[in-house]
Each structure stands twice: as structure tokens, then as C-alpha cells.
Number of protein chains: 2
Amino acid sequence: MKVYGGIEGGGTKFVCAVATSPEDVRAETRFPTTKPEETLQRVIEFFQDYESSSGEKVAGIGICSFGPVDLDPSSPTYGYITSTPKPGWKLTDVMGPIQEKLATEVAFDTDTNGAAIGEATWGAAQNLGDFIYLTIGTGIGGGGLVNGEPLHGMVHPEMGHIRIPHNYERDPFPGSCPYHGDCFEGLASGPAMEKRWKTRAEFLPVHHPAWDLEADYIAVSLHNFICDYSPQRIILGGGVMRQEYLFPMIRKKILNSLAGYIQSPLLLEHIDEYIVPPGLGERAGVMGGIALIKRKLDKSVD
Amino acid sequence: MKVYGGIEGGGTKFVCAVATSPEDVRAETRFPTTKPEETLQRVIEFFQDYESSSGEKVAGIGICSFGPVDLDPSSPTYGYITSTPKPGWKLTDVMGPIQEKLATEVAFDTDTNGAAIGEATWGAAQNLGDFIYLTIGTGIGGGGLVNGEPLHGMVHPEMGHIRIPHNYERDPFPGSCPYHGDCFEGLASGPAMEKRWKTRAEFLPVHHPAWDLEADYIAVSLHNFICDYSPQRIILGGGVMRQEYLFPMIRKKILNSLAGYIQSPLLLEHIDEYIVPPGLGERAGVMGGIALIKRKLDKSVD
């Protein structure tokens, strides 16, 4: 049985694992994202250590990275993080050093497309060809499958940067996105909540008005994603969504917002199964890497 | 050489054609959309007349319909218009009578997915696997290809019904959508413009502030579609977009709005080829029907 390597490259932390499936994780590590060279060196050492201690070669490594990233195999910067505002990481070759030092097959995608493929393989989106995975935490990003394949297009989706209605009387906070001010991420990410309320989101009590406002921003954005992708399911992950009471609030607000226009029993009769947390929980990211490379190697066998 | 039938079923008018390609249209007709039975009867007679006068059987008919429509082949209402606000057309079987009376192969999709397939086959999106086609006229609707296939998902996209920022001080008009008030369609469709300015859009002069506001609403919506689909191109059709001076206004506003966050030469260096009118012009809809059935029959041969 082949073992695969997975990398969840986040802006805050990196997670690496070797596994055949979520039930059979052979090794795992996580460490903070520091400078690019240092961080990638730790990634490489983790897999080298695994291979030398187990005597087993990983069949390939799936890399799911924060972005924006370059996913175009014909581009000279394929496998790079491109225009990120994260200091030091602009135009960083993530895929190259890993592929070279570990001399193995690699697959590369966004963190959220990776998580989506993980969810499609083992989690909350099994057998679905059209769904989205959204993470709401330090940033807001989305990925998913459309027509059974990951969303790429010209670059890749940037679902956190859509523009949504913002009522300044109710919420005078101008938004925290350095590019767009009050886009979805600028209004509803964890850091946006912290700046607005002067408290970290996880310390805001359940009945604080922050949560009703947060659920409104998430619901209006999901309204848009439903009108755009017509997904069969929406998976909501990330730190902010650990507040589980957000789920019923969001579900109710979406049905109100769509006002019966989109006629589908998936939405109108089964909303509890339509908007759901990730089936793979905290491991969605790194298992996404495992699923990504497994999918690529399985395909090349077909 | 096979001849195909195409039907553009719009809320205002129906267009039917028999053709092998846009360069070889054998017959064409257009008439107003009245009651369902009467309208579908005229469609059926057009094709019967063609077949009896030419002695030639059409190989199949592609139907591109206004909606919402049911595109799920396993559904009992497959081929129906479902929850439309158009009087008399709710739960109308469009595909059934055509298939039955004309005893031929049919293909069925939304009007905008049809137009998108037409553009991919002969128009402004040849060789593109990821693009969107948006029509801005009596209503606003969108379709397109993602990963080379039409956008369907749970139902089909309803791009006109996304929620966008609305500054009531600048524009006190509450919006005209019976479901969502000030969604994109409620703010920017032809009827919304007419209600706001008390003049039909086509009679508003070039320098009227209506056009700057209209370009703003379109640009902010395209900002969202770019963040969601990451399309390789956006085709803008429909009555409102016949005001060609909207194109440069929209292109400029989008680049401002995205603020350099999406790094792609398609967008940053070739915006004039990125946001374009339909290559098939007024015939995009009906040629979409021809392309839709041609694509289906070609595939079944593979």
C-alpha cells in the first residue's frame, strides 16, 4: 500500500503528514510559518526523517499552499506563492525545492482546493461533483469542485475578496483588507473581528452582537456563492467557524436572504446537510494534500 | 452534413433557427413570447414547416430557455421552467412537447449556458474552458463553462441575483427585484434603469449619470465573478450592453476595484480582450441552441 505525503502550507502554520488515509496517519508535524527558506527546510527534513527512519519512500507529496499561488504548469513561476501581502513570501518557489530535494512526484494547489479534495475523498463531500469549501479564519478563502474538477480558471478563486453590502450605520468599521477595505475578508475574517471589537473573536461571548453581524456577512456571501456556483453543498471551516452556534444562524439567514428564489430540496428541505462543517475537522488541510497527490497518481495510472 | 435546430426561449421573444453553423442558417423566425401552449405550438410548427418544405429532417434540437429551469435528467420536472415570476409560465414543460411532437433528439439548458456554448463553439470564447457569459437586459443572467463543461451544479447559476454594495445616498432607488430588492438585477437590469430614471435606458444620453452608476454596478458584480470563477474571459451581452461606451468604463472600474490583487496578464495587460461583447452578436442565443445539440450529438458519437 502506497504512503503519501501531505503539506498544508498556511500563513500561520505548516502541517506535514505521511498517511494512506485519515485512519492511517504514519507521521505528522506542525510548526509556525517563519521565513520561506527556514520553513521549507523543516518541511524537507520531516519527510527525509520519515523516509530514513521507516525505510519507506513516500509515493508523492501533495502541497496545498496559502496564496495567491501560480497553478499554471506552463508558467515560469508554476508552484510559487505570488502576490501575497505576507512579508518575505512574495514570489516564493514552494514546489521547486520540495520536488528537488525529495526527488519525488508532487502535486500543487491552493490550500482550499486541497481541503476540498480531501473532503470529496474522505469527508463531507463524498460523491459530490459540485461543492465549495470555505475557510473563515485568519483570512477567508474558498475552493471546491465544479464539474468534478478543482476550481482553477485563469488563476484560482479568491472568494474572500468579493464585495458585499456594508451598512456603515450598523457597522462603522471600515474593513481590514489592505487591497479592498470592506470586502468579505475585510469585514468578516478573524483579524477583522478583532480590530472591530478590540477583542479576539474566540473571547467574544455567545450573545455578543458581533456574532449576529458575523453571521450576516457570512450569509450574504454564501447567498452570492449559491447564485454563482449553485453548489450541491457548502463546507465551512476555519477558526471562526469553530463557534458552532454560527451554523444555525447562517442557515436561517441564507434561507431568508434567498427568499425562495432558488428552488431545490437540497436547500429548502435539507439546509442542515447543505451547510456543514468539514468532515475531516482540523486535519482537512493536510489530508487535502494527501488526497491531492493520491488523486494525481491514481489518474496517471488510469 | 447534418442540420440542427436551435431555440432561444426568452421571456420577451422566442427565436428558432435551422442551421449547420452561423455561416449556414437555413431558416429563422422570431415571435413574441405569449402563453406557453401558443408559443410552443409556433415553435413546433416552424420546425414541421421546415422539414416538410425542405424534405430534410433536423438531426436534433437544442433548447435554451429563460428560467429558472430544471436541468436534472433524473427529476420528474426535467426540461421545465420552474419558479419564474412570468405570468402563466410557472411549471411549464418546455422540452416535453417539442421532443414529442417533433420526434427528435433534444438538448436543454439555460439561455445563458446555451449562449456560452455558442460563443465557445463559434464566437468570442473559442478554445476557452473557463469563462462566463453574462446578459444584461430585461433581466440579468449568466452561464459559462468551468473545467470545459457548462455550469450546472445543484440547479444552475443565478448570477443576476447576487447581492452587491448599494449606496442609498447616491442611489435611493430601492431596487426592482421582486425576490431580493436591490440585488444586481434589481439595481442594474433594463427595467431597473427605466424605473429609476423614468426613461427607457436606450433613450438616456451618453453623459447622463445613469451610465456611470450602471457601469459601477456591473463592475462590482464582475469583481465578484472574477473572485469566484477566475474566468479566462467575460462576455457581456444583452440590451443594456448595446451601449458600447459601457465597455471601456467597466474595464477601468474593474481594474480599480480589484486593486492589483489578482495577478494575471489576461487581466492586467489584456483587459480589452478580457471583457468583450459576444462574437455571435444578436444570434448568440439561437446559435447557442444549435451548438448545444451539436455538442450533445457529437459526444454521443465519441
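The values are calculated or read from the model by the stated rules, or taken from the named source; none is laboratory data. Source: prediction; values computed, not measured. Please note: Cβ atoms are built from the backbone with ideal geometry, for glycine as well, and neighbour counts cover all protein chains shown. Note: areas computed on protein heavy atoms with side chains; ligands, DNA, RNA excluded. Shrake-Rupley method; radii C 1.70, N 1.55, O 1.52, S 1.80 Å.
On inspection, residue A:186 fails the criterion of being closer than 22 Å to residue A:279 by Cα, within 13 Å of chain B (Cβ to nearest Cβ) and free of Cβ contacts under 8 Å to residues at least 24 places away in the same chain.
Within region A:201-215, being of a type outside the set (A, V, I, L, M, F, W, C) and either at the interface with chain B (Cβ under 8 Å from one of its Cβ atoms) or closer than 11 Å to residue A:253 by Cβ (or both) holds for A:212, A:214. Select from region A:252-298 the residues that are touching a residue at least 60 places away in the same chain (Cβ under 8 Å) and of a type in the set (D, E, K, R) and list them in ascending order. Result: A:283, A:294, A:295, A:296. Among the residues that make up region B:212-231, is at least one of them at pLDDT below 95, buried (at least 22 other Cβ atoms within 10 Å of the Cβ) and either in contact with a strand residue (DSSP E or B) (Cβ under 7 Å, 6 or more places away or on another chain) or under 20 Å from residue B:194 (Cβ atoms) (or both)? No, region B:212-231 contains no residue that is at pLDDT below 95, buried (at least 22 other Cβ atoms within 10 Å of the Cβ) and either in contact with a strand residue (DSSP E or B) (Cβ under 7 Å, 6 or more places away or on another chain) or under 20 Å from residue B:194 (Cβ atoms) (or both).
Being among the aliphatic types (A, V, I, L, M) and within 13 Å of chain B (Cβ to nearest Cβ) is true for just one of A:235, A:250, A:293, A:218. Which residue is that? Answer to the check: A:218. Close contacts from region A:100-113, counting a first residue that is farther than 14 Å from residue A:70 by Cβ and a second that is buried (at least 22 other Cβ atoms within 10 Å of the Cβ) and charged (D, E, K, R), with Cβ to Cβ under 8 Å and a gap of 6+ residues or different chains, come to A:111/A:8. So for region A:146-158 (the condition being acidic (Asp, Glu) and more than 9 Å from chain B (Cβ to nearest Cβ)), does at least one residue qualify? No, every residue in region A:146-158 fails to be acidic (Asp, Glu) and more than 9 Å from chain B (Cβ to nearest Cβ). Keeping to region B:151-190, report how many residues are farther than 28 Å from residue A:231 by Cα and either more than 17 Å from the chain's Cα centre (by Cα) or acidic (Asp, Glu) (or both). Of the residues in region B:151-190, 8 are farther than 28 Å from residue A:231 by Cα and either more than 17 Å from the chain's Cα centre (by Cα) or acidic (Asp, Glu) (or both). Just so you know, in region B:136-193 the residues that are of a type in the set (S, T, N, Q) and at pLDDT 95 or above include one that is least open to solvent (accessible area, probe 1.4 Å), and it is B:189.
Restricting attention to region A:253-265, the residues that are more than 10 Å from every other protein chain (Cβ to nearest Cβ) and crowded, with 19+ Cβ neighbours inside 10 Å add up to 2. Restricting attention to region B:136-145, the residues being in contact with a Leu (Cβ under 8 Å, 6 or more places away or on another chain) and more than 9 Å from chain A (Cβ to nearest Cβ) number 5.
Conditions (1) hydrophobic (A, V, I, L, M, F, W, C); (2) surrounded by 18 or more Cβ atoms within 10 Å (Cβ to Cβ), marked per residue:
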| site | (1), (2) |
| --- | --- |
| B:22 | no, yes |
| B:29 | no, no |
| B:41 | no, no |
| B:50 | no, yes |
| B:57 | no, no |
| B:63 | yes, yes |
| B:66 | yes, yes |
| B:76 | no, no |
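Here is a yes/no grid of residues against (1) under 30 Å from residue B:264 (Cβ atoms); (2) in contact (Cβ under 8 Å) with a residue 60 or more places away in the chain:
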| site | (1), (2) |
| --- | --- |
| A:12 | yes, yes |
| A:19 | no, yes |
| A:30 | no, no |
| A:37 | yes, no |
| A:62 | yes, yes |
| A:66 | yes, yes |
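Among the residues of this structure, residue A:99 does not count as one that is farther than 30 Å from residue B:262 by Cα, open to solvent by 70 Å² or more (accessible area, probe 1.4 Å) and not hydrophobic (A, V, I, L, M, F, W, C). The set of residues in region A:197-206 that are within 20 Å of residue A:135 (Cα to Cα) and either in contact with a helix residue (DSSP H, G or I) (Cβ under 7 Å, 6 or more places away or on another chain) or open to solvent by less than 90 Å² (accessible area, probe 1.4 Å) (or both) comprises A:200, A:201, A:204.
So which residues in region B:266-290 are within 14 Å of another protein chain (Cβ to nearest Cβ) and open to solvent by 10 Å² or more (accessible area, probe 1.4 Å)?
Those that are within 14 Å of another protein chain (Cβ to nearest Cβ) and open to solvent by 10 Å² or more (accessible area, probe 1.4 Å): B:266, B:268, B:269, B:270, B:271, B:273.
Is it true that some residue in region B:47-60 is touching a Phe, Trp or Tyr at 6+ places or on another chain (Cβ under 9 Å) and more than 27 Å from residue B:156 (Cα to Cα)? Checked against the condition, which is being touching a Phe, Trp or Tyr at 6+ places or on another chain (Cβ under 9 Å) and more than 27 Å from residue B:156 (Cα to Cα), region B:47-60 yields at least one hit.
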